[in-house]
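What follows is one structure encoded as structure tokens, with my remarks underneath.
The values are calculated or read from the model by the stated rules, or taken from the named source; none is laboratory data. The shown structure was predicted, so the numbers you read here are calculated from the model rather than taken from an experiment. So basically every Cβ, Gly included, is an ideal-geometry build from the backbone, and we count neighbours across all protein chains shown.
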Amino acid sequence: MTYQYLMVGMMGIHQKKRRMRNDSAVAGVIEALLLVALVTIILSTIQLIYIPEIMEQREVEHMDVVENQFSYLKSIIDLQSTLAVTVPISSPITLGTRELAYFVTARSYGQLDIIDDTNNKITWEGFPTGVPLTSIEYDAYNTYFIDQTFALEGGSLILQQSNGESILIEPSMSFENLSTQIKIELQLPKFQSIGGKNSTSGYKNCFIRTNYSSSTTYDVTTSYIHIYSEYLDAWNSTFHELLQIPIEQGYITVEKSPIVSPTHIAITPGTKTLAFDLTVSTIIAQIGPGTVVTS
């Protein structure tokens, strides 16, 4: 009997130890699952809340970089136009941004074009065909931030986005207030592209090479100056700033025309006659490597 009780007691101890081991194993599995769930919740929170904010900030910073690069490009073109510099100079443009490692994110892309075949132009009395208003344009296709367009047109740097447009850097324009006349002076770069090297897209860096070619000056007295552009609001506000005094004095008038569905900016004489001194500098431009040919 004593032996049987002993055997039963030993079997009870073994079963209790087995249950304790099983309970410990189950507890370990539950702890692991809880840790996995906690990590998953943390990563999901980061992915859904913080990553979009980080990516939006990256795209905002990229837009600031592009703005600075276009400002640099404008300064180079102004220098080449003023000094007739015939040495090709390359200016960088960053097209987009990369995705963020280890998280689900998307790249942003950009499109860069040299637009010299355009209906945009500046015309005046006796010259209805006018001078082409060419441009270098960058279109940003952002994933987290709003899309933006930067354009070098008419010697100005223009920013366009969904809520409007504005000129970030004004063109090289001034006026003379003479006794009976307002004379507007404008320095206008005219871009001439090279076939096959006038457009690119992606997210990496690219380069625009520019080179001065020639210049032509027009000095006329006219009854109107018309500016045809895709950025009428920007041009209109800029002309009102640069020509504020003669406009306020009634010497000239600046307005979008026609009133319904305007197609151009019209500058017309008021109490004084209107003269126009326009210097057009032809700039050979290309995107990417190669030789810039001076025509």
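Would you confirm whether any residue within the stretch 127-150 is surrounded by fewer than 14 Cβ atoms within 10 Å (Cβ to Cβ), under 27 Å from the mean Cα position of the chain (by Cα), modelled with pLDDT under 95 and not in a loop (DSSP other than H, G, I, E, B)? Looking for residues that are surrounded by fewer than 14 Cβ atoms within 10 Å (Cβ to Cβ), under 27 Å from the mean Cα position of the chain (by Cα), modelled with pLDDT under 95 and not in a loop (DSSP other than H, G, I, E, B), one finds none in the stretch 127-150, hence no.
Residue pairs whose Cβ atoms lie under 8 Å apart, sitting 6 or more positions apart in sequence or on different chains, and linking a residue in the stretch 100-112 that is within 9 Å of GLY202 (Cα to Cα) and touching a residue at least 12 places away in the same chain (Cβ under 8 Å) to a partner that is in a loop (DSSP other than H, G, I, E, B) and small (Gly, Ala, Ser), are SER108/GLY96; TYR109/GLY96; GLY110/GLY96. If I filter the stretch 113-124 for residues that are farther than 23 Å from GLN192 by Cβ and among the hydroxyl-bearing types (Ser, Thr, Tyr), do I get at least one hit? Scanning the stretch 113-124 turns up no residue that is farther than 23 Å from GLN192 by Cβ and among the hydroxyl-bearing types (Ser, Thr, Tyr).
Conditions (1) touching an Asp or Glu at 6+ places or on another chain (Cβ under 9 Å); (2) under 21 Å from ALA84 (Cα atoms); (3) modelled with pLDDT of 95 or more, marked per residue:
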position: TYR212; (1), (2), (3): no, yes, yes
position: SER215; (1), (2), (3): no, yes, yes
position: TYR218; (1), (2), (3): yes, yes, yes
position: THR222; (1), (2), (3): yes, no, yes
position: HIS226; (1), (2), (3): no, no, yes
position: SER229; (1), (2), (3): yes, no, yes
position: ILE247; (1), (2), (3): no, no, yes
position: TYR251; (1), (2), (3): no, no, yes
position: VAL254; (1), (2), (3): no, no, yes
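Among the residues making up the stretch 109-126, those that are more than 19 Å from GLU56 (Cβ to Cβ) and under 11 Å from the mean Cα position of the chain (by Cα) are GLN111, LEU112.
Listed by first and then second residue, the pairs linking a residue in the stretch 144-155 that is in contact (Cβ under 8 Å) with a residue 24 or more places away in the chain to a residue that is among the acidic types (Asp, Glu) and in a loop (DSSP other than H, G, I, E, B), with Cβ atoms under 9 Å apart and 6 or more places separating them unless they lie on different chains, are ALA151/GLU230; GLU153/GLU230; GLY155/GLU170.
Look at LEU112 and say whether it is in contact with a Lys or Arg (Cβ under 7 Å, 6 or more places away or on another chain) and surrounded by 20 or more Cβ atoms within 10 Å (Cβ to Cβ). Taking the combined requirement at face value, the residue does not satisfy it. A search for C-beta distances below 9 Å between a residue of the stretch 34-53 that is in contact (Cβ under 8 Å) with a residue 60 or more places away in the chain and any residue that is among the polar types (S, T, N, Q), counting only pairs 6+ apart in sequence or on different chains, returns PRO52/THR105. Consider the stretch 167-188 and keep the residues that are more than 14 Å from HIS240 (Cβ to Cβ) and among the acidic types (Asp, Glu). The one that is surrounded by the fewest Cβ atoms within 10 Å (Cβ to Cβ) is GLU176. PRO92 satisfies every condition listed in (1) assigned to a strand (DSSP E or B); (2) surrounded by 15 or more Cβ atoms within 10 Å (Cβ to Cβ) except (2).
Go through PRO171, PRO128 for me and flag whichever is closer than 21 Å to VAL254 by Cβ, free of Cβ contacts under 8 Å to residues at least 24 places away in the same chain and not polar (S, T, N, Q). Result: PRO128 is the single residue among PRO171, PRO128 that is closer than 21 Å to VAL254 by Cβ, free of Cβ contacts under 8 Å to residues at least 24 places away in the same chain and not polar (S, T, N, Q).
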